[in-house]
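Single-structure report; data block below.
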Amino acid sequence: MKLLVAGGAGFVGSHLCERLLDAGHQVVCVDSMITGDRRNVAHLLGREAFELLVQDITQPLDVAVEGIFHLASPASPVAYQHHPEETALANALGSRELLRLARQRQARYLFASTSEVYGDPEEHPQRETYWGHVNPVGPRACYDESKRFGEALTMVYLTQYGLDARIIRIFNTYGPRSDPNDGRLVPNFVTQALRGEPLTVYGDGSQTRSLCYVEDLVRGIELAMFAPDTTGLVVNLGNPEEHTVLEYAELIRELVGTSVEIAFRPLPADDPTRRRPDITRAREMLGWQPRVPLREGLERTIAWFREAGAAGA
């Protein structure tokens with residue numbers, strides 16, 4: 001199949017492009033490079049089945065494809081707070097353009113939403129039926145609310161036009177090619193540990209996260225698009241293994257082999273205190289669950305950061 005990956009030069013998108021190519025598909029990678037990076041797909045540029053288009057998805061696209069993966073949006077708090085308008089429009093106008101293209105080409109469509117649609121959740125773990133607890137005017141609203149709108153627009157095209165569409169909600173993901181400066185937990189801790197700097201923990205470190213290795217995530221994304229009976233599916237993709245932020249800091253410090261201190265800072269506004277997916281639906285509908293153990297995934301990630309020289313970035 002010929003497939004379009006919007007946001008394909010990003011962290012997750014580049015891994016998805018690679019997986020789809022290895023599965024025998026043709027891949028058109030579209031990225032504005034606002035937060036994407038050509039280096040993430042440099043190793044794919046020589047492959048005959050791969051095409052890179054540098055374009056903003058809020059502008060019309062005319063590409064003959066059979067499937068569209070919409071991953072095009074800044075995704076870290078640092079990135080989307082630096083590019084709030086671009087973030088909001090990527091998930092609103094960008095979604096409309098890609099949905100129109102999918103309808104025109106009668107293509108399958110997958111919208112990559114986020115666990116942030118649950119906000120600071122009052123339900124734990126979070127199931128797909130939970131409507132969320134989100135601040136619509138807070139510092140994260142440009143991302144949270146535009147993702148919620150992207151989900152709503154996807155369902156409009158599904159119900160109004162019969163589009164073959166589905167929605168995934170991605171929980172915290174880590175691995176090689178993550179931006180060392182994006183402010184998220186694993187890149188922060190790894191780069192600080194490699195530099196011999198104190199590890200920055202916000203709050204008292206008791207807030208929890210559940211981290212999924214990127215290889216597991218893109219396998220889940222592929223299944224969500226191509227597994228039988230996924231039209232209209234809304235599904236969480238993440239790792240239900242929950243740890244405190246302080247536990248992650250201590251483990252990364254151990255794996256890097258450093259004894260740097262842990263520095264505590266005030267908790268940012270609207271930062272979720274608990275985050276853990278219920279993946280029952282993914283297990284039952286897709287036959288999917290994470291496979292890569294946390295320690296192994298972190299070891300691979302630390303090795304990539306060392307090799308890439310990201311600690312000096």
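The values are calculated or read from the model by the stated rules, or taken from the named source; none is laboratory data. If you're wondering where the values come from, they're calculated on a predicted model, not measured in any experiment. Cβ sites come from the backbone with ideal geometry, for glycine too, and all protein chains shown count toward neighbours.
Worth pointing out:
- When restricted to residues that are small (Gly, Ala, Ser), surrounded by 18 or more Cβ atoms within 10 Å (Cβ to Cβ) and more than 18 Å from Arg265 (Cα to Cα), segment 211-249 contains 3.
- Residues that are in a helix (DSSP H, G or I), in contact with a helix residue (DSSP H, G or I) (Cβ under 8 Å, 6 or more places away or on another chain) and assigned by TED's automatic domain parsing to the domain that holds Arg166 occur in segment 22-41; there is at least one.
- Among the candidates Leu199, Leu211, Leu217, the residue that is touching a helix residue (DSSP H, G or I) at 6+ places or on another chain (Cβ under 8 Å) and closer than 30 Å to Gly162 by Cα is uniquely Leu217.
- Where Tyr118 falls short, out of the listed (1) surrounded by fewer than 23 Cβ atoms within 10 Å (Cβ to Cβ); (2) more than 22 Å from Leu16 (Cα to Cα): (1)
- Looking only at residues in segment 134-163 that are outside any helix (DSSP H, G or I) and touching a residue at least 40 places away in the same chain (Cβ under 8 Å), the one that is nearest to Pro74 (Cα to Cα) is Arg140.
- Count of segment 260-281 residues, restricted to those that are buried (at least 17 other Cβ atoms within 10 Å of the Cβ) and either in a strand (DSSP E or B) or free of Cβ contacts under 8 Å to residues at least 60 places away in the same chain (or both), is 2.
Here's the yes/no breakdown for (1) farther than 26 Å from Glu247 by Cα; (2) under 16 Å from the mean Cα position of the chain (by Cα); (3) of a type in the set (Gly, Ala, Ser); (4) surrounded by fewer than 21 Cβ atoms within 10 Å (Cβ to Cβ):
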site: Gly138; (1), (2), (3), (4): yes, no, yes, yes
site: Ala141; (1), (2), (3), (4): yes, no, yes, yes
site: Arg169; (1), (2), (3), (4): no, yes, no, no
site: Gln192; (1), (2), (3), (4): no, no, no, no
site: Arg195; (1), (2), (3), (4): no, no, no, yes
site: Val201; (1), (2), (3), (4): no, no, no, no
site: Arg209; (1), (2), (3), (4): no, yes, no, no
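Residue by residue, here is whether (1) touching a Gly at 6+ places or on another chain (Cβ under 8 Å); (2) farther than 16 Å from Gly238 by Cβ holds:
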position	(1), (2)
Thr114	no, no
Pro139	no, yes
Leu163	no, yes
Ile168	yes, no
Phe171	yes, no
Thr208	no, no
Glu215	yes, no
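- Of all residues in segment 282-305, none are among the small types (Gly, Ala, Ser), within 29 Å of His133 (Cβ to Cβ) and not in a helix (DSSP H, G or I).
- Residue in segment 42-65 that is surrounded by 17 or more Cβ atoms within 10 Å (Cβ to Cβ), part of a helix (DSSP H, G or I) and under 15 Å from the mean Cα position of the chain (by Cα) present: no
- Test set (1) touching a helix residue (DSSP H, G or I) at 6+ places or on another chain (Cβ under 9 Å); (2) among the aliphatic types (A, V, I, L, M); (3) in a helix (DSSP H, G or I) - Leu246 fails condition number: (1)
- For beta carbons closer than 7 Å, sequence separation of 6+ or different chains, a first residue in segment 190-210 that is modelled with pLDDT of 95 or more and a second that is surrounded by fewer than 15 Cβ atoms within 10 Å (Cβ to Cβ) and part of a helix (DSSP H, G or I), the qualifying pairs are Leu194/Arg306.
- Scanning segment 87-119 for residues that are of a type in the set (Asp, Glu) and either modelled with pLDDT of 95 or more or over 18 Å from the mean Cα position of the chain (by Cα) (or both) gives a single hit, Glu97.
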